[in-house]
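K.L.:
Below you will find the structure I want to go over with you.
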Amino acid sequence: MEQELEILQGAVSAVVYQNYENGYAVLRLNLGGGQTVTVVGTIPLPAVGERLMVTGKWSNHSNYGRQFEAEFLERLMPQTSLEILNYLSSRVVKGIGPRTAARIVELFGDQTLAVMEREPERLAEVPGISREKARKIGEEFKLHVGIRQIMEFFALHHLSAELAVRVYKRYGDSTMELLYDDPYLLMDEELNASFGAVDQFAISLGVAGDDPRRVEAGTLFELSYNLTGGHCFLPEEKLIAATARLLQLETDEPVKQGIARLLEADRLVREKLAGITVIYLPELHEAETECTRMLLDFAGHSFPEPRGLDKQIQAIAREGGIAYSAEQTQAIREAATSGLLLITGGPGTGKTTILRGILELLGQNQLRCLLAAPTGRAAKRLTEVTGEDASTIHRLLEAGIDPATGKMFFARDAENPLKCDAVIVDEMSMV
């Protein structure tokens, strides 16, 4: 027989454990009459002294004994002067410790929290609290209360407490209104919530399966997800089918309409490539366009032919005991005079022989060449076949993570170029 839910109400007497990331906590709840119980569950930012009404079931833990597993909770802010004193003394609000809490409660009594929320400037009436400190305490209290409300709301919908903090710090008091207006704003790049979790959240708020907000978010997610497979764009027909499948729509018409709206809002870019209509995210289209421009710029440059080039190539072949084919000889010559060279061919077609010849030719002309490949394994193989040091592209360009944004950056760029005369990148099809 399934155990019925019970309701407990009391004041937090101790916080035994709390996880700031997911909101899980273990605390002691004083029910009055000398009865104190252990409560566990998702209880974001609990504070000693605050009153809780928790709904849940009793269980017996093998190590910790009988405890109450909270499934739902309602926060009841401290009411009496003693409860408020205990609450503020727990340092739940930055800038208030036990001594300051005692002075504040002594002056305002059971109206303390109302003053902190609605008239924080009055805290300057307390000895030792300046107007500036009163303002900061008011801001901290408002932030604390706001974050806790969002955390509780998120916990009900199985979203992390850590995400709640980031969302509230970004949108403040407008958070709830904005989330009800468009739950999919949680997929913003800076918030980075998963589509699956956000979609469940949106549906729980009443968003319909073919709601334009859901369709547009699903379309953008499908393009972002395919980036992990190296796809800068998707054929439009494939994108439509994949999004309709993701959202379990009966018809793909809502997706077609969603793509039209996103194109109109400049949130997508449509191009025609090799007779196929494709869809890009704007930033990827811009990046690919810029890469194309730069490659064409490189290809448009040429360099004077080194003196005695043909004799140098013949000498390299003779010393290596190699008989270059006409195509291999042309490739090595092009490497000495072209701004950009693309060497293709299947296994056993002589690409490695060409590569060694190019490196030997560049070395004889005192030209420094750097070698790179997309992966560590490919870089290791490049080192093995050439006898020269090779690195990953990320290492070559000195990739790092910006601590302020969490985004990747490259220390080597147009303003801080590599110190070399040439760069050879192997396995470029992987990029």
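One line per residue, one yes/no per condition, for (1) polar (S, T, N, Q); (2) closer than 19 Å to residue 186 by Cβ:
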| position | (1), (2) |
| --- | --- |
| 219 | yes, yes |
| 223 | no, yes |
| 230 | no, no |
| 235 | no, no |
| 257 | yes, no |
| 262 | no, yes |
| 276 | no, no |
| 289 | yes, no |
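K.L.:
Name the pairs: first residue in segment 299-326 and without any contact (Cβ under 8 Å) to a residue 24 or more places away in the chain and of a type outside the set (S, T, N, Q), second residue part of a helix (DSSP H, G or I) and surrounded by 11 or more Cβ atoms within 10 Å (Cβ to Cβ), Cβ to Cβ under 7 Å, at least 6 apart or on different chains?
P.N.:
Once the first residue is without any contact (Cβ under 8 Å) to a residue 24 or more places away in the chain and of a type outside the set (S, T, N, Q) and sits in segment 299-326, its partners that are part of a helix (DSSP H, G or I) and surrounded by 11 or more Cβ atoms within 10 Å (Cβ to Cβ) give 323/317.
K.L.:
In addition: Tell me the residue from 101, 114, 134 that is closer than 24 Å to residue 15 by Cβ and not assigned by TED's automatic domain parsing to the domain that holds residue 46, please.
P.N.:
Working: 114 fails: closer than 24 Å to residue 15 by Cβ; 134 fails: closer than 24 Å to residue 15 by Cβ.
Only one candidate qualifies: 101.
K.L.:
Please determine, by comparing only the residues of segment 178-231 that are assigned to a helix (DSSP H, G or I) and among the charged types (D, E, K, R), which one is farthest from the chain's Cα centre (by Cα).
P.N.:
The residue in question is 181.
K.L.:
Tell me, which strands (runs of 3 or more DSSP E) wholly within segment 311-414 include 2 or more residues that are surrounded by fewer than 17 Cβ atoms within 10 Å (Cβ to Cβ)?
P.N.:
Ranges flagged: 399-401, 408-410.
K.L.:
May I ask you to verify whether residue 172 is on the phi > 0 side of the Ramachandran plot and not aliphatic (A, V, I, L, M)? Lay out the reasoning, then the answer.
P.N.:
Working: on the phi > 0 side of the Ramachandran plot: yes; not aliphatic (A, V, I, L, M): yes.
In short, yes.
K.L.:
Further, regarding this structure: Kindly check whether there is at least one residue in segment 50-64 that is within 30 Å of residue 127 (Cβ to Cβ) and buried (at least 18 other Cβ atoms within 10 Å of the Cβ). It would help to see each step written out before you state the result.
P.N.:
Initially, segment 50-64 is screened for residues within 30 Å of residue 127 (Cβ to Cβ), giving 50-51.
Retained after the next criterion (residues that are buried (at least 18 other Cβ atoms within 10 Å of the Cβ)): 50-51.
Checked against the condition, which is being within 30 Å of residue 127 (Cβ to Cβ) and buried (at least 18 other Cβ atoms within 10 Å of the Cβ), segment 50-64 yields at least one hit.
K.L.:
Between 119, 140, which is among the acidic types (Asp, Glu), outside the structural domain of residue 177 (by TED's automatic domain parsing) and within 33 Å of the chain's Cα centre (by Cα)? Give the derivation first.
P.N.:
Details: 119 fails: within 33 Å of the chain's Cα centre (by Cα).
Exactly one residue qualifies, and that residue is 140.
The values are calculated or read from the model by the stated rules, or taken from the named source; none is laboratory data. The structure presented is a predicted model; accordingly, all values stated were derived computationally and were not measured. We place every Cβ from the backbone using ideal geometry, glycine too, and count neighbours over all the protein chains shown.
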